[in-house]
1. Residues in the range 422-433: is at least one at negative phi, touching a Phe, Trp or Tyr at 6+ places or on another chain (Cβ under 9 Å) and either in a helix (DSSP H, G or I) or more than 16 Å from the ligand (Cβ to nearest atom) (or both)?
2. Tell me which residues, restricted to the range 80-129, are of a type in the set (Val, Ile, Thr), in a loop (DSSP other than H, G, I, E, B) and in contact with a strand residue (DSSP E or B) (Cβ under 9 Å, 6 or more places away or on another chain).
3. List every residue pair whose Cβ atoms lie under 6 Å apart, where the two residues are 6 or more positions apart in sequence or sit on different chains, the first residue falls within the range 43-62 and is assigned by TED's automatic domain parsing to the domain that holds GLU12, and the second residue, located anywhere, is among the charged types (D, E, K, R).
4. For the range 234-273, what are the residues that are within 16 Å of the ligand (Cβ to nearest atom) and in contact with a Lys or Arg (Cβ under 6 Å, 6 or more places away or on another chain)?
5. Give just the number: which of (1) more than 16 Å from the ligand (Cβ to nearest atom); (2) modelled with pLDDT of 95 or more does VAL205 not satisfy?
6. Considering only residues that are in contact with a Gly (Cβ under 9 Å, 6 or more places away or on another chain), farther than 23 Å from ILE188 by Cα and of a type in the set (A, V, I, L, M), which ones fall in the range 445-504?
7. Find all pairs meeting these conditions: Cβ atoms under 6 angstrom apart; at least six residues apart or on different chains; first residue within the range 212-235 and in the same structural domain as ALA334 (by TED's automatic domain parsing); second residue away from the ligand (no atom under 16 Å from the Cβ) and among the small types (Gly, Ala, Ser).
8. So, in the range 289-304, of the ones that are touching a residue at least 60 places away in the same chain (Cβ under 8 Å) and out of contact with any Phe, Trp or Tyr (no Cβ under 7 Å at 6 or more places or on another chain), which residue ends up nearest to THR353 (Cα to Cα)?
Amino acid sequence: MTHAIRRKSKAEPAPPTTLFLFGAHGDLVKRLLVPALYNLKRNGLLGDGLRIIGVDHNAISDEGFAQKLEEFIRNEMAGKGDHTLDPAVWSRLAKGISYVQGDFLDDSTYQALAAKIADSGTGNAVFYLATAPRFFSEVARRLGSAGLLEETPEAFRRVVIEKPFGSDLHTAEALNACLLKVMTEKQIYRIDHYLGKETVQNILVSRFSNSLFEAFWNNHYIDHVQITAAETVGVETRGSFYEHTGALRDMVPNHLFQLLAMVAMEPPAAFGADAVRGEKAKVVGAIRPWTVEEARANSVRGQYAAGEIDGNALPGYREENNVAPDSNTETYVALKVMIDNWRWVGVPFYLRTGKRMSVRDTEIVICFKPAPYAQFRDTEVDELQPTYLRIQIQPNEGMWFDLLAKRPGQALKMDNIELGFAYKDFFEMQPSTGYETLIYDCLTGDQTLFQRADNIENGWRAVQPFLDAWQQDSTVQQYAAGENGPKAGEELLTRDCRVWHRLG
Ligand code: BG6
């Protein structure tokens, strides 16, 4: 088998498969999955044996469904200024599209799916659960009782589970237990779309292919690490989902911990699923479990109030649709966590994420320890500015070292300079939703970029103390839309004599 991170140059089309999209009328299918399938088809990575079958409760004909998908893709592409849907590519993809109307909780739906597989000419099937999370265990159980998860040497059966995977440690463990009753770990593909991002995969590749990184990648040279996922969007149409989720559950145990794991994990023995996932689970498992008091002291909850971004006046969170006017749900969270292993002991990892912040910016900043000052004592250099490595995940993908250099002239003065690499200067970036890689890997049986049960549970174990602390005190601090979180978020670092890297 080839592996996600090393296969690119000779990727073969995925094998014939029936791909069932549960929740076919939902937002995820429209905005991300179908455009990703189209991109894969255009890049020659889906053979003609791929059949896409929507499953949902609304009534619609096969042709009507295919037409809807075409509209979704056109809208998505147009939104990005691209009006060039290739009719030949689309018609080849559309040939395999059909629809099953059914209730997810009704056994007859699963009989209809069995009939579709029997018709397809291949026993391979992927069941993609793009549904509300409350259906995950029920659908899995029913797929199991209908015999649809039984594999043979010739035919695989796989289940893709979207996030949120549980809402705390207990529910994540229960969901894992339920899935593992009806299928094996090898059949489960737990998605975190951050792992589909090229820049996220590049963290591993750069760290482990350039030997210089290993020399300073530890607590001897690194003072602390900052991981930020700042968004300018608000909750949009997802108020009722977000009210029960909040920024911590929505972003931390999944996306931010994936970034943390990529930065902090030990080198795997190979870029295969077991080795990579084993190292990731280990490092997330080494995050120190705070007591409830420590969790309170090391976390900040914020919520956006009315404000403006780029001159546009924006409502506060409590004024959004389907949000309670006195809601205490957090739209911003900042945390400090410690990793108790040999490489990282004593190095804080500060994490923050928020909606309606000043700019969209997902970045990892590795801050180096200062050099000794003594040698500069008799010069005009008053202090040595911090130096760091910035890994920009989005939107301006790349990596930059921010270092110090001598300013030309007779006096010894210094300035910060940048050594960097921008993706766009070296590589042609294909249009991508981040889901292309993940869908392709699932179809080809590569689990490297999917979360294993222990990784998910270790993530929830690390955030559980914050959830417990907030259950006792759900105070949320307001910040105006367009600000980078509440003041307390800054203080989480200033009290440690550090500052957040400036966004944007
Ligand atoms: C999703 C969250 O998983 O990730 C959203 O549910 C968030 O709330 C999104 O906006 C961010 O993804 P990206 O790829 O835009 O950083």
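The values are calculated or read from the model by the stated rules, or taken from the named source; none is laboratory data. Here the structure is a predicted model, which means the values were calculated and not measured. Quick reminder, even Gly has a Cβ in these numbers, built from the backbone with ideal geometry, and neighbours come from all protein chains shown.
1. Taking the range 422-433 and keeping what is at negative phi, we get 422-433.
Checking which are touching a Phe, Trp or Tyr at 6+ places or on another chain (Cβ under 9 Å) leaves us with 422, 429.
Then drop every residue that is not either in a helix (DSSP H, G or I) or more than 16 Å from the ligand (Cβ to nearest atom) (or both), which leaves 422.
Yes, the range 422-433 contains a residue that is at negative phi, touching a Phe, Trp or Tyr at 6+ places or on another chain (Cβ under 9 Å) and either in a helix (DSSP H, G or I) or more than 16 Å from the ligand (Cβ to nearest atom) (or both).
2. Narrowing the range 80-129 to residues of a type in the set (Val, Ile, Thr): 84, 89, 97, 100, 109, 117, 122, 126.
Those left that are additionally in a loop (DSSP other than H, G, I, E, B): 84, 122.
Correct list: THR122 only.
3. If the second residue must be among the charged types (D, E, K, R), the pairs left are ILE53/LYS116; HIS57/ASP103.
4. Here is the first cut: in the range 234-273, the residues within 16 Å of the ligand (Cβ to nearest atom) are 234-260, 262.
The answer is GLY234, ASN254.
5. Failed condition: (2).
6. Correct list: VAL476, ALA480, ALA481, ALA488.
7. ASN219/GLY346
8. Just the residues of the range 289-304 that are touching a residue at least 60 places away in the same chain (Cβ under 8 Å), to begin with: 289-296, 298-304.
Subsequent filtering for residues that are out of contact with any Phe, Trp or Tyr (no Cβ under 7 Å at 6 or more places or on another chain) retains 289-294, 296, 300.
Working: PRO289: 20, TRP290: 20, THR291: 22, VAL292: 21, GLU293: 22, GLU294: 20, ARG296: 17, VAL300: 11 Å.
Within the range 289-304, the match that is nearest to THR353 (Cα to Cα) is VAL300.
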